[in-house]
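Below you'll find the structure, written out as structure tokens, and then a few comments.
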Amino acid sequence: MVSPLKRFFSTVTLSGAVLVCLYPFIWMFFSSFKTNREIYQPTLLIPENFELDSYLSLFSDQYLPFMSYFLNSAFISILQAVLAVMVTAAAGFVFAKHSFRGKSLIFAIAILVILIPQQALVVPLFDWMLWLGLQGSSWSLILPGIASGLGIVFFTQVFKKVPNELLELAKVEGFSVHGTFFLLLPLAGPALVTYGLLHFILSWQEHLLPLLLLDDDHITLPIALAKLRDSSHRIPESVGMAAATLTLLPVVVLFGICFRKMKTALVHLALS
């Protein structure tokens, strides 16, 4: 049994660590209500007056069409995450429960995709999208993101834990391979949510590929945030802070909604 003294020190240490991690985000949020003079005082946390001008300017498209870029990011990230979950879950099921020629080689290629730096794939990917006639559109970012080596490895480990007896039972009942996959899919529900959220976050924060593959009408929030950095200081710093706060909001909300299922999936993988 943990003594009260140890519990007290553990609570204090954990609280301090959480505060250190959260402080930059708290400062960013409060800075969205500050003037430039207040922002240039890093030790000043709470603004003198809580003004909503920076948020109003974003929604009124005063400096850039923020909502258009926000919807572009949401469309790309959500669709890419959903399609990646579907494709990689199916691939992981096949790798985990079926044998076929070249299985080890293809799985090694999936691992290799994880290890190769993204920068090394930029030029071939750009040429491929140009050849397909998709360069500049949202699909030039969605389609490459579906093929995820990380997702294949993740779901392979997930489906390895599904008892083979369930596959034999489904086979006896006359289910095809596709039917068996969809029958067993609810068992991997927490894993589907976990990887879907992970892929969404990676896509939401992606900077390099949107910069190279998207045209001005389809750019995403990370590129838009860079446009708010004005060396002439024509755009108040609070506008950039407000945009960064709104950009962080979907990730925080989704994490709060999916936390229980993520915890279940991660604990299950850790105990296996």
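The values are calculated or read from the model by the stated rules, or taken from the named source; none is laboratory data. What you see is a predicted model, and the numbers here were worked out from it, not measured in a lab. Every residue, glycine as well, gets a Cβ built from its backbone with ideal geometry; the counts of neighbours run over all protein chains shown. We work out accessible area using only protein heavy atoms, side chains counted, and drop any ligands, DNA or RNA first. Shrake-Rupley method; radii C 1.70, N 1.55, O 1.52, S 1.80 Å.
Here Thr43 meets each of (1) in a helix (DSSP H, G or I); (2) open to solvent by 50 Å² or more (accessible area, probe 1.4 Å); (3) farther than 16 Å from Leu249 by Cβ with one exception, condition (1). Of the residues making up segment 19-40, those that are open to solvent by less than 70 Å² (accessible area, probe 1.4 Å) and of a type in the set (A, V, I, L, M, F, W, C) are Ile26, Trp27, Met28, Phe30, Phe33, Ile39.
If you go through segment 78-134 and keep only what is in a helix (DSSP H, G or I), of a type in the set (Gly, Ala, Ser), open to solvent by 40 Å² or more (accessible area, probe 1.4 Å) and under 30 Å from Asn164 (Cα atoms), you end up with Ser104, Ala108. Quick one: which of Thr88, Thr35 is touching a residue at least 24 places away in the same chain (Cβ under 8 Å), closer than 30 Å to Pro186 by Cα and either polar (S, T, N, Q) or in contact with a strand residue (DSSP E or B) (Cβ under 6 Å, 6 or more places away or on another chain) (or both)? It is Thr88.
Can you pull out every residue in segment 158-176 that is loosely packed, with under 15 Cβ neighbours inside 10 Å and assigned to a helix (DSSP H, G or I)?
We begin by selecting, within segment 158-176, every residue loosely packed, with under 15 Cβ neighbours inside 10 Å; these are 160-161, 163-166, 168-169, 171-174, 176.
Within segment 158-176, Lys160, Asn164, Glu165, Leu166, Glu168, Leu169, Lys171, Val172 qualify.
Among the conditions (1) open to solvent by less than 20 Å² (accessible area, probe 1.4 Å); (2) outside any loop (DSSP other than H, G, I, E, B); (3) in contact (Cβ under 8 Å) with a residue 24 or more places away in the chain, Leu64 misses just one, which is (2).
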